[in-house]
Amino acid sequence: MRTLFSKVPLLRPREREGPDEKEERWGALLAAAATSEFYSGKEGEKILRRAKDPSTFSSIPPIELAEYYDQVQRFRSAKANDSRRAPLHAPWHGQVVVAALTPWFCIEGRIRLILQVSCQALVESKPEALAAPVAVLRRVAAAMAAGTLQLPTLRYGVLAWTGISRPHLTPADRDLFWRMFQVPVFEQFRGFQGELLAAESDCHDGMHIESTAAIWEQRTDSRDELLVTSIGNLRYPALRLATGLRGRLDRSPCPCGRSEPRLNVLGPACLAAAGEGGSTIALA
């Protein structure tokens, strides 16, 4: 019988950006926001001035998710170009054949980008690992359980992508994916442009926040909601966007050695009643 350790190589630590790189990326985000309609005018300029100072950042009013969707074109940066697709950020050593079932990612190494998901396309890609949104993985697992898909045996693992307005990874999902794929599952929280905002390590105890890519906050009022500012989304920049997700930020030490807080998404947020105002924000 193959064991977990015989199938999965040691995880490759991600290279960390220094403070200068993070400051440069933050400046690029604010510059992109300054060219959008939403952050134009005196009020927008006032918000961007607060964003430059960490001590006043948390005083910026959150953007409700419904507002962002209803006015998304107002958030578009006038200087936004079609950016390069996001890198995969797979956690394994060496050249691994990864079947990526989404259009987000650039084709590099041995990534097999599958845009039209079908049993035939999956089998022909001969994957050693899978990477896909949770909803897609559920369909693949269901096809395997029904016997309509005979997927080659995976060797490395499964990257399960979650995000705003996408299904979160439940304990039932983890159990199903383990039974069907028989390799570890690593959850990754991705932004609207595919940018990595938080990722699970081999300790499987929450997703470590990518501190150079996102600022995560936790509302402590009755909304019980996570806020996020994606530093990498230069096309539709939004400061302190409400995610519609309930969760917590765990700042306790992690056995993997990383010091960033860990994000645990628990499910849909309990939104406040219309007209209810005021909030206290705990900054990550």
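Every number in this text was worked out from the coordinates using simple rules, so none of it is lab data. The shown structure was predicted, so the numbers you read here are calculated from the model rather than taken from an experiment. Reconstructed Cβ throughout: ideal geometry from the backbone, glycine too, with neighbour counts over all protein chains shown.
Observations, loosely collected:
- Stretchable slack from SER259 to GLN150, in nm (0.36 nm times residue separation minus alpha-carbon distance): 35.2 nm
- A Förster radius of 35 Å, combined with the Cβ-Cβ distance separating SER55 from ALA135, puts the computed FRET efficiency at roughly 0.30.
- Equivalent ellipsoid, the range 173-214 (semi-axes from 5 times Cα gyration tensor eigenvalues, Å): 23, 12, 6
- Using a Förster distance of 25 Å, the FRET efficiency for GLU37-THR102 (Cβ separation, nearest 0.05): 0.30
- For the range 117-181: span of alpha carbons on each principal axis (Å, largest first): 31, 21, 18
- Note on LYS79: lysines with a C-alpha under 26 Å away, same-chain residues under 8 apart excluded, are LYS22, LYS42, LYS46, LYS52.
- Stokes-Einstein D for the range 158-250, Kirkwood Rh over Cα pairs, 20 °C, 1.002 mPa s (µm²/s): 153
- Signed unit charges on C-beta, dipole axis of the range 119-198, positive-most listed residue ALA142, PRO152, GLN188: ALA142
- In this label model, LYS46 and ASP250 are separated by 4.0 nm, measuring between points 7 Å along each Cα→Cβ vector.
- Kirkwood Rh and Cα Rg combined as Rg over Rh, evaluated for the range 84-192: 0.92
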